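The values are calculated or read from the model by the stated rules, or taken from the named source; none is laboratory data. Computed from a predicted structure; not experimentally measured. With ideal geometry, Cβ positions are generated from the backbone for all residues, glycine too; neighbour counts draw on all protein chains shown.
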Amino acid sequence: MRKLSYREMGLTDNEYEQITQIMEREPNYLELGMFSVMWSEHCGYKNSRPLLKNFPVEGPQVIQGPGENAGVIDIGDGQALVFKIESHNHPSAIEPYQGAATGVGGIVRDIFTMGARPIASLNSLRFGTLDDEQVKQLFAGVVAGIGDYGNCLGIPTVGGEVYFDPAYKGNPLVNAMCVGLVNKDEIAYAVAGEIGSPLMLVGARTGRDGIHGATFASEELSDASREKRPSVQVGDPFMEKLLIEACLELIKEDLIAGMQDLGAAGLTSSIAEAASKKGRGAKVDVTLVPCREKGMTAYEIMLSESQERMLVVPKPGQEARIAEIFDKWGLDATVIGEVTADGMFSVYEGDVLAGTVPVAALTEGCPVYVREAQEPPYYQVCRSFNIEDLAETDPAEALLQLMASPNIASKRWVYTQYDHQVMLNTVVLPGDADAAVLRVKDFKKGIALSTDCNGRMVYLDPYQGGMMAVCEGARNLACTGARPLALTNCLNFGNPENPYIYWQMREAIRGMSEAARFLNTPVVSGNVSLYNETAQGAIFPTPVVGMAGLLANIEQRCQMAFQNAGDCIVLLGKMREELGGSEYLYVCHGLETGMVPQVDLQEEKNLIELLLGLNEEGLLKSCHDISEGGLAAALAECAIKGKIGFIVDIEVHGRRIDAVLFSEAPSRAVVSLAPEKLPKLEKTAAAMGVTVHLLGKVGGERMTYRSAGQAMIDLPVEMVTRIWEEAIECRMS
Amino acid sequence: MKFGVVVFPGSNCDADCYHVIKDVMQRDVDYIWHKETSVEGYDALILPGGFSYGDYLRTGAIARFSPIMPAVVDFAEQGGLVIGICNGFQILLEAGLLPGAMLRNRSLKFICRPVYLKTKRIDTPFSNRLSQDQVIKIPIAHGEGNYFCDAKTLQSLQDNRQIIFTYCNEEGQETPEANPNGSLANIAGICNLIGNVLGMMPHPERCAEEVLGGSDGFYVFDSMITWLKGAMK
């Protein structure tokens, strides 16, 4: 194998200089490799760490914030929820099936490493548009990869989102979220054991796959990226399933001092992370590591990102019992080294010292950069876009186009490929509500989960868009009746060395932080994926929010389907008319521009509290938030899901009809309820300071939108349903 | 009355079946680890869904060689009730307890969604709580559920009334459109000649409680319990 230079490993001249200073000599090839992966953006967060400090991370509900394998929140009854979202963008771009599959595998390991039983997966995906054959292949490959891996594990994939936009062509986003359930007293942490404790490696054998995967994930994609296909790991979900069961047994029996999964940067990172927690050192003998092929060098073994491997540090005297459990599951566990006191990470080949590096230099020693930020010129240009210059489209025509847009259309083609019911907890099926809802067996309560981010809005205004992503996540949960508790995020951006991109990051994180603080939904875990660029440019800045919350009573969950003829339809929140960044402008006018709708956090909070109160009192028959496609699409979706029509009359008051129907302004929801409950709703809403518009009634077989008695749109539910359901399938067949 | 849920490495609906028998049906149930060699003391066995041995090679192909399987075959041959669900069905086919084989779904994709089934026969241990031709709604979740057998086998399945469930539409018509995976003759579930071994691709355990969106699956397990109660009298 040809040796790489430090630059090819992704290190700068300056960083190399720092390494020689730390080492007080030139590093050898192995040591250089270890530094390069640990100092990559993917492992070291060197470009994002200063910005991440802005996130609120504390709250009474938080048991573990960022810094562990995943975040942990308290959900009462002695139980905790463990969750995190992570990207696998670059691998998926060049090898969609395995890239996406191993993305799921990695995030699942993060969850059971904490001692939690994984109970749900979600994913947030972005692709180019479906008129492109290559994009279709990527999309199909990613969905199949996620499905096959998660299905085999028996972890239901219960929710998520998919968007299509030219901005993601060539650089798709594949963010996988996993959620686990654990008893509070059984949470496991990545603490290394006592000095002399053995380091056990268990699971798959180590191969040459994935070497420098972390480095690869930290650079832009180019034509040469295809040659890095060996950097993509290959998944074995069966092995992972065995690991889950075996590792959870170890934790149940309290046999281990620490556990760490092998993800990015493989053995190097897992051992360094484990040892750094207590200021310890570690030594490892690579000749003890079971390998897939002969002749692997220390460098290859230490940097391999072969999947389905775990590092286990036993409690003293428990090695034999641990070996017994692994044997039961047919897994090989091998002692490959031990915890030391010297603070050094020493790699041996038999008796020969192949390399030795201070542990702290690999972890805390990673350089941190505050980059230059500059407002990009497009920002003001887009903000000054004047909607009045635009001709109005026929509203019915526009609605049909929107319902057929893959960004709004049913995601049935995707979620039927995922087992979303295994484990028997899924009480709201994919697509039936704004968030996934799971029951917690033996309790009345339920868990609600969602992922959200409108990258186009974030692009047009990163600060507002960042707030919107958090608000939408919280609102989605509230629509189902769940109180939002905390969030995880996956920050997908372009090259941070570009001042315009760094500005997007800084502003988006500022917006997210403000909203998360205001809504009391702290950030408990997350992941950063930078350098999402191709020769065509950067992706839309896409900081995906994974929100988790709690329903006190699962029987009070609310879905989006209209229920009964005669029920009142009500808009909660203001009638608004901002069209900036909307799907309407994109689909009907080919524009991705405009001043985005502004967020009022107090208004959002009021709406969320109102929705929670109304659900708790059982007043609502249906609830759906307003997002892509605006009020018109939200109403249509409630009708489609309920297989029943409606008649609404919407006050336009001289405003543009398209603006009123298709604005994606936040802090709004459409609800339906029995007419006799209306006075109660109006009273409660008034007390909470939320505007109420009575729009009309559920019933019939048509979707009828009127304004001052005049029909604006009048379409059969069945026809719109067909268009909405088949839009993605038609494009994919 | 005691149920046993056989657990192979890679089974992933084992806990679901266990939950339904214990918490919903309120009956005794144990897990039976695949390395065990006896099923003594059980009145009914469940081979659950999942991906036994990763379904490498062919679905169910490796599981049939598990140490527990000779005991399962013995139990079945002596008339014990055995239900194989999804991967469990595939294992029963590989083990020769039921005739035929599974192909990949016609769409070549994994499919998870509710389907309608027509109850073709109700004088069996698995369907006696349903009514003749009753249409029930039960979810499927599989990549290889496209049942196939040769013409002679199909004829004998039909002659011997071994087809218990077929895919149909909401109105009970067994149309090609209602067939989610391309199964021969819309077959969703078959039993052996005597009727004590059932294999079905849909997951009755996923709809045995109303909170999960339906409870038609309850009656499959309730049929087994009713049958066992009768047999025990």
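Pairs under 7 Å by beta carbon, first residue without any contact (Cβ under 8 Å) to a residue 12 or more places away in the chain in segment A:447-475, partner part of a loop (DSSP other than H, G, I, E, B), six or more apart or different chains?
Pairs found: none.
Between a first residue in segment B:15-29 that is within 11 Å of B:F221 (Cα to Cα) and a second residue that is of a type in the set (S, T, Y), which pairs have beta carbons less than 6 Å apart while being 6 or more apart in sequence or on different chains?
That search, which allows pairs on different chains as well, returns nothing.
Mind checking which strands (runs of 3 or more DSSP E) fall wholly inside segment A:282-361 and carry at least 3 residues that are over 16 Å from A:L255 (Cα atoms)?
A:333-340, A:344-349, A:352-358
Within segment A:688-710, restricting attention to residues that are in contact with a helix residue (DSSP H, G or I) (Cβ under 9 Å, 6 or more places away or on another chain) and outside any strand (DSSP E or B), which residue is surrounded by the most Cβ atoms within 10 Å (Cβ to Cβ)?
Restricting to residues being in contact with a helix residue (DSSP H, G or I) (Cβ under 9 Å, 6 or more places away or on another chain) and outside any strand (DSSP E or B), the top hit is A:V690.
Just the residues that are crowded, with 21+ Cβ neighbours inside 10 Å and in a loop (DSSP other than H, G, I, E, B), please, taken from segment A:175-189.
Across segment A:175-189, the qualifying residue is only A:A188.
Conditions tested, residue by residue: (1) within 12 Å of B:A185 (Cα to Cα); (2) in contact with a Ser or Thr (Cβ under 6 Å, 6 or more places away or on another chain).
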| site | (1), (2) |
| --- | --- |
| B:N128 | no, yes |
| B:A141 | no, no |
| B:G145 | no, no |
| B:L154 | yes, no |
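Quick one: in segment A:387-442, of everything that is hydroxyl-bearing (S, T, Y) and modelled with pLDDT of 95 or more, which residue is nearest to A:G76 (Cα to Cα)?
Checking each candidate, the answer is A:T426.
Can you name the condition, by its number, that B:V82 falls short on among (1) over 16 Å from B:S183 (Cβ atoms); (2) within 14 Å of chain A (Cβ to nearest Cβ); (3) of a type in the set (A, V, I, L, M, F, W, C); (4) buried (at least 24 other Cβ atoms within 10 Å of the Cβ)?
So the condition that B:V82 fails would be (2).
For segment A:217-236, does any single residue satisfy the condition of being modelled with pLDDT of 75 or more, surrounded by fewer than 20 Cβ atoms within 10 Å (Cβ to Cβ) and farther than 20 Å from A:G44 by Cα?
yes
What are the residues in segment B:178-212 that are within 14 Å of another protein chain (Cβ to nearest Cβ) and without any contact (Cβ under 8 Å) to a residue 60 or more places away in the chain, if any?
Start the filter on segment B:178-212 by keeping residues that are within 14 Å of another protein chain (Cβ to nearest Cβ), which leaves B:180-181, B:201-212.
Matches in segment B:178-212: B:E210, B:V211, B:L212.
A:T363 versus (1) touching a Gly at 6+ places or on another chain (Cβ under 6 Å); (2) at pLDDT below 90: which is the lone unmet condition?
(1)
Scan segment B:103-125 for residues that are of a type in the set (A, V, I, L, M, F, W, C), surrounded by fewer than 22 Cβ atoms within 10 Å (Cβ to Cβ) and within 9 Å of another protein chain (Cβ to nearest Cβ) and jot them down.
B:I111
Report the residue count in segment A:529-560 for those that are buried (at least 24 other Cβ atoms within 10 Å of the Cβ) and under 21 Å from A:V72 (Cα atoms).
Counting residues in segment A:529-560 that are buried (at least 24 other Cβ atoms within 10 Å of the Cβ) and under 21 Å from A:V72 (Cα atoms) gives 8.
Quick one: A:Q233 ticks every box in (1) more than 14 Å from chain B (Cβ to nearest Cβ); (2) part of a helix (DSSP H, G or I); (3) within 22 Å of the chain's Cα centre (by Cα) except a single one, so which number is it?
Result: A:Q233 passes all but (2).
Select, from A:R109, A:R126, A:R117, the only residue that is more than 23 Å from A:V234 (Cβ to Cβ), more than 14 Å from chain B (Cβ to nearest Cβ) and basic (K, R).
A:R126 is the lone residue from the list that is more than 23 Å from A:V234 (Cβ to Cβ), more than 14 Å from chain B (Cβ to nearest Cβ) and basic (K, R).
Name every residue in segment B:176-225 that is small (G, A, S), over 11 Å from the mean Cα position of the chain (by Cα) and either within 15 Å of B:A101 (Cβ to Cβ) or surrounded by fewer than 20 Cβ atoms within 10 Å (Cβ to Cβ) (or both), in order of residue number.
If the condition is that a residue be small (G, A, S), over 11 Å from the mean Cα position of the chain (by Cα) and either within 15 Å of B:A101 (Cβ to Cβ) or surrounded by fewer than 20 Cβ atoms within 10 Å (Cβ to Cβ) (or both), then B:A178, B:G182, B:S183, B:A185, B:G213, B:G214, B:S215 are the ones that fit.
Just to be sure I understand, how many residues within segment B:66-79 are within 14 Å of another protein chain (Cβ to nearest Cβ) and surrounded by fewer than 19 Cβ atoms within 10 Å (Cβ to Cβ)?
Here the count works out to 1.
Being surrounded by fewer than 24 Cβ atoms within 10 Å (Cβ to Cβ) and farther than 20 Å from B:G54 by Cβ is the filter; apply it to segment A:142-163 and report the residue that is farthest from the other protein chains (Cβ to nearest Cβ).
That would be A:Y163.
Scan segment A:315-332 for residues that are at negative phi and without any contact (Cβ under 8 Å) to a residue 60 or more places away in the chain and jot them down. First the steps, then the outcome.
Step one: filter segment A:315-332 for residues at negative phi, giving A:315-316, A:318-329, A:331-332.
Scanning segment A:315-332 gives A:A320, A:A323, A:E324, A:D327.
When only residues in segment A:332-379 that are within 17 Å of A:L201 (Cα to Cα) and among the acidic types (D, E) count, which is farthest from the chain's Cα centre (by Cα)?
Step by step, filter segment A:332-379, then rank; the result is A:E349.
Has segment B:86-96 got at least one residue that is part of a loop (DSSP other than H, G, I, E, B) and in contact with a Cys (Cβ under 9 Å, 6 or more places away or on another chain)? Write out each step before concluding.
Let us first name the residues in segment B:86-96 that are part of a loop (DSSP other than H, G, I, E, B), namely B:86, B:95-96.
Subsequent filtering for residues that are in contact with a Cys (Cβ under 9 Å, 6 or more places away or on another chain) retains B:86.
Looking for residues that are part of a loop (DSSP other than H, G, I, E, B) and in contact with a Cys (Cβ under 9 Å, 6 or more places away or on another chain), one finds at least one in segment B:86-96, hence yes.
Quick one: is A:T521 out of contact with any Asp or Glu (no Cβ under 8 Å at 6 or more places or on another chain), closer than 19 Å to A:Y459 by Cα and modelled with pLDDT of 95 or more? Working first, answer last.
Numbers: out of contact with any Asp or Glu (no Cβ under 8 Å at 6 or more places or on another chain): yes; closer than 19 Å to A:Y459 by Cα: no; modelled with pLDDT of 95 or more: yes.
So A:T521 fails the test.
Table: residues versus (1) out of contact with any Phe, Trp or Tyr (no Cβ under 6 Å at 6 or more places or on another chain); (2) closer than 28 Å to A:C623 by Cβ.
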{"position": "A:S384", "(1), (2)": "yes, no"}
{"position": "A:I387", "(1), (2)": "yes, no"}
{"position": "A:S410", "(1), (2)": "no, yes"}
{"position": "A:Q417", "(1), (2)": "no, yes"}
{"position": "A:L424", "(1), (2)": "yes, yes"}
{"position": "A:P430", "(1), (2)": "no, yes"}
{"position": "A:R439", "(1), (2)": "yes, yes"}
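What are the pairs, 6+ residues apart or on separate chains, where a residue within segment A:411-436 that is within 7 Å of chain B (Cβ to nearest Cβ) has its Cβ under 8 Å from a residue that is in a loop (DSSP other than H, G, I, E, B) and aliphatic (A, V, I, L, M)?
Short answer, once both residue conditions are applied: A:H420/A:L429; A:Q421/A:L429; A:V422/A:I155; A:M423/A:I155.
What do you reckon, is A:L331 in contact with a strand residue (DSSP E or B) (Cβ under 6 Å, 6 or more places away or on another chain), surrounded by fewer than 22 Cβ atoms within 10 Å (Cβ to Cβ) and within 14 Å of chain B (Cβ to nearest Cβ)?
yes
Can you give me the number of residues within segment A:115-129 that are in a loop (DSSP other than H, G, I, E, B) and either out of contact with any helix residue (DSSP H, G or I) (no Cβ under 8 Å at 6 or more places or on another chain) or closer than 18 Å to A:G145 by Cβ (or both)?
2
Could you please find all residues in segment B:33-69 being hydrophobic (A, V, I, L, M, F, W, C), under 17 Å from B:I83 (Cβ atoms) and modelled with pLDDT under 95?
B:A63
Read through the list (1) part of a loop (DSSP other than H, G, I, E, B); (2) more than 30 Å from A:L438 (Cα to Cα), then give the number of the only condition that B:N179 fails.
Among (1) part of a loop (DSSP other than H, G, I, E, B); (2) more than 30 Å from A:L438 (Cα to Cα), the lone unmet condition for B:N179 is (2).
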